[in-house]
Amino acid sequence: MAKKERLSGNEAVAYAMKQIDPDVMGTYPITPSTEIPQYFSSYVANGEVTTEFVPVESEHSAMSTCIGASAAGARAITATSSAGLAYMWELLYVAASDRLPIVMAVVNRALTGPININNDHSDSMGARDAGWIQMYAENNQEVYDNYIQAMPIAERARLPIMICQDGFITSHNVSNITLYDDKDVKAFVGEYEPEHYLLKQNERLAVGPYGVSNYYMEIKKAQAEAMKAAHGIIKDVGQEFAKAFGADSGRGPGNEYGLIEKYRMDDAELAVVVIGSSAGTGKAAVDMLRDSGVKAGLVKIRVFRPFPKEELAEALGGVKAVACMDKSDSMSGCGGPVFAETRSALYDTPDKPLMINYVYGLGGRDVTIETFDEIFRNLAEIAKTGECGETYRHIGQREK
């Protein structure tokens, strides 16, 4: 039977890990994800899981541990943030190209330069093309639910997956959460039975061989096809989750987890596209604007890889003006990754909206209802005049 509890996002992830009871955790601590292995290590010490807990000397070694364990046929997990994810960089590509279903909890934090330990999405967005599935959570309940769905998704897609949440905002914030029964979570995730692995008796197997030019491109195309196929797998697992836990989670049939979430978009004329915890603030702003007669709406991207092209085109087609909000900057001179990919997704849509980009919240800078109100006022002006002006904008920073 499900139970109500109050947990931080980090506690929720560690609790989901305990319920799944993976085979191996390779880990090295880094703020603000340190609590995840800390909580999980207590479950190991108390005999509540059978996981082999492997504390190592760096994040590079943590991912190496996971790669070796997963290649050997084990369920492998880890957790990291910011510079820790960057230190894994080389091995992120190795895990993806070896098609290893490693599950990694990423607690999003700004990358150093200058030094900062607060939230933005520069770490995981920097790794967006490494070949990992990427899921983002708005709140503590969603990060818990996402983690439970992660393992079936990764194992069916044969791709590694990042379950991302906003550092400190959800990772350390304590909120109400529904925890499902251990046996139900275990049944949902199921047993892991890989077809091929290094320790399989009487099977010769090489993992991570040298990819000469006669084979390298075929391997990369196979990865790309697997990522496209993950689109349907994520939706299937979301529907299965709704059947298994819908009565308790509020995500029952008709309200399943998908790749995006639409909020008050049925008749929206102005909309924002956002990722992570800022969606909660954005929804409050939308409600306020609706009360004053503004046809505002919001689209939350829950899955950034694979990118939800069709879903966004359907959700935003017919809207007059849209602002894509990026909590990281591509340094491209043209905008952030959410803007670039959303705009590309809508390029062939006949009734595509006028679109602008706002880079916001870098290094933990606050985003408020007033921030969204300013954005929607600018969208209203764009819809009225038909002129976007500067499409690449920053908001919330001090001006000279």
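Rule-based calculations on the coordinates, nothing more; no lab input. Note that this is a predicted model, so its numbers are computed, not measured. Note that each Cβ is placed from the backbone with ideal geometry, even for glycine, and that neighbours are counted across all protein chains shown.
Computing FRET efficiency as 1/(1 + (r/R0)^6) for residue 349 and residue 397, where r is the C-beta to C-beta distance and R0 is 30 Å, gives about 0.40. For a straight C-alpha distance cut-off of 16 angstrom, the lysines reachable from residue 183 (same-chain residues fewer than eight places away being disregarded) are 3, 18, 243. Ranked for footprinting exposure by Cβ neighbours inside 10 Å, fewest first, 31, 342, 51 give 31, 51, 342. For region 35-74, the Stokes-Einstein estimate of translational diffusion at 37 °C and a viscosity of 0.692 mPa s comes to 297 µm²/s, using the Kirkwood hydrodynamic radius over alpha-carbon pairs. At q = 0.18, 0.19 Å⁻¹ the log10 of I(q)/I(0) for region 45-104 amounts to -0.61, -0.67, computed by Debye summation with a single uniform scatterer per C-alpha, solvent ignored. Sequence-ordered 3J(HN,Hα) estimates for region 101-109 from the Karplus curve with 6.51, -1.76 and 1.60 and θ = phi - 60° stand at x, 6, 10, 10, 7, 10, 9, 4, 8 Hz, glycine and proline given as x. Applying 0.36 nm per residue to the separation of residue 332 and residue 203 and subtracting their alpha-carbon distance, the gain on full extension is 41.7 nm. Ellipticity at 222 nm from helices only: DSSP H runs of n ≥ 4 in the chain, each -39500 (n - 2.57), divided by the residue count, give -13000 deg cm²/dmol.
Give the lysines whose C-alpha is closer than 18 Å to that of residue 262, dropping any in the same chain fewer than 8 places away, or say none. Of all the lysines, those that pass the test against residue 262 - Cα under 18 Å, at least 8 places apart if same chain - are 235, 283, 295, 300, 309, 320, 352.
Once the gyration tensor of the Cα atoms in region 345-394 is diagonalised, the equivalent ellipsoid follows with semi-axes of 23, 14, 9 Å, ordered largest first. Using the Cβ-Cβ distance between residue 212 and residue 292 with R0 = 56 Å, the FRET efficiency computed as 1/(1 + (r/R0)^6) comes to roughly 0.35.
If I model region 3-249 as equal point scatterers sitting on the Cα atoms and use the Debye formula, what is log10 I(q)/I(0) at q = 0.18 Å⁻¹? Here log10 of I(q) over I(0) equals -1.51. The alpha carbons of region 260-394 stretch over 37, 36, 28 Å along the principal axes, in descending order. Largest first and in whole Å, the equivalent-ellipsoid semi-axes of region 1-140 read 22, 19, 14, each the square root of five times a Cα gyration tensor eigenvalue.
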